[in-house]
Amino acid sequence: MKDTIGKILRNNWIKLCVVIAAIVLAVSGSYAAYTSFNSVKRVVSTGKGNNTMFSSNYLSLVLTSESEYNTRRVATIEVKEGDTVKGYKFTVQVCNYLFGNEMTYNPSDISYSFDVLAIAKDGGELPAGVTGITVNGTALASDGSIKLENQLLPTGAAKKIEYTIYIPADMKEVVKLQIIALPDNSKSLDATNSQKLASVISLSTLAPTENWTGRFIDDKSIAADKYDGYNYEISGNGNGTVKLSWPDNLQISSWFLSDAGASAVATDESGKNYVTFPVGGNVPGTDTPRPTAYQFQFYKNPGSDMLSWNELDSQVIVSFEPQ
């Protein structure tokens, strides 16, 4: 019996080696595909994107090193005494999940400070006597600032903290508010991919202008061809449909397309890829408002020509069709 088995193995060792090699190649090929898939998620240099579970209804995700922020014009609620408008208020939410999607929350605690700074609306010096602005009932200091420390979004469930901001009527056209939610320890920074939430809020008693725009949010002091992928933000106000188009040099994040409920990728008359997706209003079947901003990634298409920042800015186009 042993001689028979040995003879079979000797006569068929080449076939056996081929089979083993095929198995090894199959396994290594599967592993390569798997690791390539994960590396695609890692190549985006700043690490930002719509998978960061730290969000807000009015504040945008930016790197902690950034100091220039989007300006959001926010509709306010009148606060009256009788028929007299005494002031205006609005509420900022800070959440440990993707805004509009409470199904998945951050697996780590997020500890942060909530900072508000009044700045002159015309860009000049802050006028003297700026008083009466409050955050959850606490007044800003004489220099127009307030810092609420040790704010905590514990893991274990989808959580949000609300900050109701009141501004006296005579201050509405004088100041705007810089608001920052800044993680305050290393674990929280890890949980937010080293990002903070920040915007400059300009107050309005009118409905916000209905428009949606897009921009790259990477550090443009670094040449575009040094990046393996790019972070992009689409933000705005209004109910309707956004159309996003991009050149063949880029691939778009499939996670974003799924999260936004986008149409299938198609090609327009100019040869560009495009999708459309609904914005404004509520998530269907819920009372949860859709996000006012989406952050996601474009990746370089292997073998394509390199693009400059000017080319990227001109070839990735966002348009809005009101409902």
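The values are calculated or read from the model by the stated rules, or taken from the named source; none is laboratory data. Because the structure is a prediction, the values reported are computed rather than measured. Neighbour counts are summed over all protein chains in view; Cβ atoms, including those assigned to glycine, are modelled from backbone coordinates with ideal geometry. Accessible surface areas use protein heavy atoms only, side chains included; no ligands, DNA or RNA. Shrake-Rupley method; radii C 1.70, N 1.55, O 1.52, S 1.80 Å.
Out of the residues in the stretch 138-164 that are assigned to a strand (DSSP E or B) and among the acidic types (Asp, Glu), which is farthest from the chain's Cα centre (by Cα)? Lay out the reasoning, then the answer.
Here is the first cut: in the stretch 138-164, the ones assigned to a strand (DSSP E or B) are 138-139, 145-153, 160-164.
Still in the running and among the acidic types (Asp, Glu): 149, 162.
Values: GLU149: 24, GLU162: 19 Å.
So the residue we want is GLU149.
Of everything in the stretch 252-290 that's open to solvent by less than 80 Å² (accessible area, probe 1.4 Å) and among the polar types (S, T, N, Q), which residue is farthest from TRP309 (Cα to Cα)? Here the residue is THR286. The residues listed here are ILE133, ILE110, ILE119, ILE167; of these, the one that is within 30 Å of ASN282 (Cβ to Cβ), at pLDDT 90 or above, open to solvent by less than 70 Å² (accessible area, probe 1.4 Å) and over 24 Å from the mean Cα position of the chain (by Cα) is ILE167.
From the residues in the stretch 274-311 that are within 19 Å of the chain's Cα centre (by Cα) and hydrophobic (A, V, I, L, M, F, W, C), which one is farthest from LEU197 (Cα to Cα)? Write out each step before concluding.
Taking the stretch 274-311 as the starting set, the residues that turn out to be within 19 Å of the chain's Cα centre (by Cα) are 275-283, 288-299.
Checking the rest, the ones that are also hydrophobic (A, V, I, L, M, F, W, C) come to 275, 277, 279, 283, 293, 296, 298.
On the way: VAL275: 27, PHE277: 24, VAL279: 21, VAL283: 23, ALA293: 12, PHE296: 16, PHE298: 21 Å.
Filtering the stretch 274-311 for residues that are within 19 Å of the chain's Cα centre (by Cα) and hydrophobic (A, V, I, L, M, F, W, C), the one farthest from LEU197 (Cα to Cα) comes out as VAL275.
Taken together, ALA224, ALA198 contain a single residue that is in contact with a helix residue (DSSP H, G or I) (Cβ under 7 Å, 6 or more places away or on another chain) and surrounded by 13 or more Cβ atoms within 10 Å (Cβ to Cβ), which is ALA224. Restricted to the stretch 149-164, and to residues that are more than 18 Å from SER199 (Cβ to Cβ) and either touching a Gly at 6+ places or on another chain (Cβ under 6 Å) or aliphatic (A, V, I, L, M) (or both), which residue is surrounded by the fewest Cβ atoms within 10 Å (Cβ to Cβ)? Among them, the one singled out is ALA157.
Yes or no, residue by residue, for (1) touching a Gly at 6+ places or on another chain (Cβ under 7 Å); (2) closer than 23 Å to GLY132 by Cβ; (3) at pLDDT 90 or above; (4) buried (at least 21 other Cβ atoms within 10 Å of the Cβ):
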| residue | (1), (2), (3), (4) |
| --- | --- |
| LEU61 | no, no, no, yes |
| THR64 | no, no, yes, no |
| ASN70 | no, no, no, no |
| ALA75 | no, yes, no, no |
| LEU98 | no, no, no, yes |
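All conditions in (1) touching a Ser or Thr at 6+ places or on another chain (Cβ under 6 Å); (2) of a type outside the set (Lys, Arg); (3) modelled with pLDDT of 95 or more hold for PHE90, with the sole exception of (3). Just one of the listed residues (ASP184, ASP228, ASP218, ASP190) is under 30 Å from THR131 (Cβ atoms) and touching a residue at least 24 places away in the same chain (Cβ under 8 Å), and it is ASP184. Comparison of ASP228, ASP218 shows that the only residue that is over 18 Å from the mean Cα position of the chain (by Cα) and of a type in the set (D, E, K, R) is ASP228.
Looking for something within 27 Å of ASP219 (Cα to Cα) and over 20 Å from the mean Cα position of the chain (by Cα) - is there at least one such residue anywhere in the stretch 254-273?
Restricting attention to the stretch 254-273, the residues satisfying the condition of being within 27 Å of ASP219 (Cα to Cα) are 254-260, 272-273.
Within this subset, residues satisfying the condition of being over 20 Å from the mean Cα position of the chain (by Cα) are 272-273.
Yes, because at least one residue in the stretch 254-273 is within 27 Å of ASP219 (Cα to Cα) and over 20 Å from the mean Cα position of the chain (by Cα).
Here SER188 clears all of (1) surrounded by 15 or more Cβ atoms within 10 Å (Cβ to Cβ); (2) assigned to a strand (DSSP E or B) except the condition numbered (2).
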